[in-house]
Amino acid sequence: MVVYYGTKRKVKKIKDLGPTTCPNCGHNVIATLNREGGYHHVYGIPVFPNVGGWKFIGCPNCGIAKKLTGAEFKDLKKQQ
């Protein structure tokens with residue numbers, strides 16, 4: 001019997017953090033607060049979510065990501 005199993009990861013944009021200068025590419029960009037997640041699939045059906053995906057700030061120009069701790073993520077998410 002063959003079981004088709006796989007995972008699919010997605011990046012969800014939580015919110016824009018406002019204009020900033022990227023330390024990698026030097027462009028003025030609007031940084032975004034992101035969370036990586038996804039599901040484990042069996043026969044193409046999502047069964048259960050991936051646990052503990054990345055939480056990061058991303059640059060839309062060069063794609064670099066700064067990984068955040070859980071506390072840093074919560075603080076940035078609460079800011080208005």
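Say we look at segment 54-80 and pick out the residues that are among the small types (Gly, Ala, Ser) and either in a strand (DSSP E or B) or in contact with a helix residue (DSSP H, G or I) (Cβ under 6 Å, 6 or more places away or on another chain) (or both); which of these is farthest from ILE14 (Cα to Cα)?
We begin by selecting, within segment 54-80, every residue among the small types (Gly, Ala, Ser); these are 58, 63, 65, 70-71.
Applying the additional criterion that residues be either in a strand (DSSP E or B) or in contact with a helix residue (DSSP H, G or I) (Cβ under 6 Å, 6 or more places away or on another chain) (or both) yields 58, 65.
Numbers: GLY58: 11, ALA65: 14 Å.
It comes out as ALA65.
Out of (1) open to solvent by 40 Å² or more (accessible area, probe 1.4 Å); (2) touching a residue at least 12 places away in the same chain (Cβ under 8 Å), the odd one out for GLY63 is which?
All conditions are met except number (2).
Can you tell which of GLY44, GLY58, GLY38, GLY26 is surrounded by 10 or more Cβ atoms within 10 Å (Cβ to Cβ) and either under 18 Å from THR7 (Cβ atoms) or in contact with a Gly (Cβ under 6 Å, 6 or more places away or on another chain) (or both)?
GLY38
Out of ARG35, ARG9, I need the residue that is of a type in the set (Lys, Arg) and within 18 Å of THR69 (Cβ to Cβ). Which one?
ARG35
The values are calculated or read from the model by the stated rules, or taken from the named source; none is laboratory data. The structure presented is a predicted model; accordingly, all values stated were derived computationally and were not measured. In this analysis, Cβ positions are derived from the backbone assuming ideal geometry, glycine residues included, and neighbour counts consider all displayed protein chains. Calculation scope for accessible area: heavy atoms of the full protein, side chains included, ligands and nucleic acids excluded. Shrake-Rupley method; radii C 1.70, N 1.55, O 1.52, S 1.80 Å.
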